[in-house]
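Have a look at the structure below, then the notes.
The values are calculated or read from the model by the stated rules, or taken from the named source; none is laboratory data. Worth saying up front: this structure is predicted, and the values here are computed from it rather than measured. Cβ: placed from backbone, ideal geometry, glycine included. Neighbour counts: every protein chain shown.
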Amino acid sequence: MAYAHGESYTAPKSERTGRRDFIVGGLAGLVIAGSVPSVPQAHAQPPQISHMQHVQNMEGKTNEERGMYVVNALKSLGYEPRIERYSSWGIKGFNIIFETGTGKQVIVFTSHYDAFPGSPGANDNASSVAVSINAYQELAKQDLSNVKARFIVFGDEEKDLVGSKQHVKSKDNLEGVIGVYSMELSGIGDTLVAWDVTSKKLMGSRIMQVLDKVVQSQGLELYKKIDRSRLPNARGYQSSDHVPFEDKDIDAFGLTIMT
């Protein structure tokens with residue numbers, strides 16, 4: 001999402017901690033609520049790196065450095081991500097994929113590691129990458145037997161969604177996928193917004209119903225933006241990596257925290 005050119009990560013401490021803790025817990029709840037009760041795994045887990053530390057480690061770096069940070073951070077936690085390389089119209093890059101669970105139904109959570117040129121890339125979108133890593137670590141503690149949680153950190157979102165567009169070209173990547181939550185700007189604010197909810201089908205979809213359930217359980221409200229945004233930016237419109245999935249007739253929308 002390219003409109004946050006000059007963003008910085010300066011939310012009050014209580015807001016920084018509370019909002020991101022909600023998102024991590026909410027993401028775990030989204031998957032577990034759509035599954036049979038999960039069973040905690042007994043083996044020891046590596047220590048969790050804070051959201052803020054992940055963001056600070058990515059902020060101001062080149063896109064290549066940001067992507068490799070994600071790969072190395074996952075490896076340091078004992079997880080081996082899958083690297084999906086692509087080349088399109090002279091743009092070469094890679095997506096980072098990591099998943100947990102053994103079910104045939106797949107719920108996808110996306111973020112992107114690249115930053116808009118001239119932006120430090122903190123709130124947009126290292127904040128969502130940090131949420132992905134820590135939510136994955138939480139879910140890896142569970143025995144998810146009826147669902148699979150797949151996290152994809154895309155490259156080149158800021159270049160017309162190149163990473164996600166290349167990803168959905170493979171039918172294998174879409175097999176079993178029942179819904180996609182595309183996370184953007186997860187660091188600053190107090191309101192959870194679902195956006196690009198563009199149809200009655202999507203409004204009533206299973207992934208929206210589960211999201212509503214999780215938000216209500218937290219005593220919060222969810223704002224739903226029902227029209228496709230067309231705000232001018234470098235791509236000509238404001239959108240994110242859920243769109244290529246939606247174009248493949250998979251339920252998908254964006255998730256953002258805003259003030």
> Hey, which of the strands (runs of 3 or more DSSP E) in the stretch 57-156, taking only ones fully inside, have at least 3 residues that are among the aliphatic types (A, V, I, L, M)?
Replying inline: 91-100, 106-112, 148-154
>> Looking at 111, 127, can you tell me which residue is among the hydroxyl-bearing types (Ser, Thr, Tyr), under 27 Å from residue 205 (Cα atoms) and modelled with pLDDT under 95?
In response: 127
>> When the residues of the stretch 87-100 are narrowed to those that are surrounded by fewer than 23 Cβ atoms within 10 Å (Cβ to Cβ), within 19 Å of residue 75 (Cα to Cα) and not hydrophobic (A, V, I, L, M, F, W, C), which ends up nearest to the chain's Cα centre (by Cα)?
In response: 99
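Might you check whether a residue that is in a strand (DSSP E or B), surrounded by 23 or more Cβ atoms within 10 Å (Cβ to Cβ), of a type in the set (Ser, Thr, Tyr) and at pLDDT 90 or above occurs anywhere in the stretch 160-167?
no
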> Applying the selection to the stretch 58-82, what residues are out of contact with any helix residue (DSSP H, G or I) (no Cβ under 8 Å at 6 or more places or on another chain), surrounded by fewer than 18 Cβ atoms within 10 Å (Cβ to Cβ) and in contact (Cβ under 8 Å) with a residue 60 or more places away in the chain?
Replying inline: 60
> Which condition does residue 75 not pass, out of (1) more than 18 Å from residue 165 (Cβ to Cβ); (2) touching a strand residue (DSSP E or B) at 6+ places or on another chain (Cβ under 6 Å); (3) of a type in the set (Lys, Arg), if it passes all the others?
Replying inline: (2)
>> Given the condition part of a loop (DSSP other than H, G, I, E, B), buried (at least 19 other Cβ atoms within 10 Å of the Cβ) and at pLDDT below 90, answer yes or no: does some residue in the stretch 170-185 qualify?
In response: yes
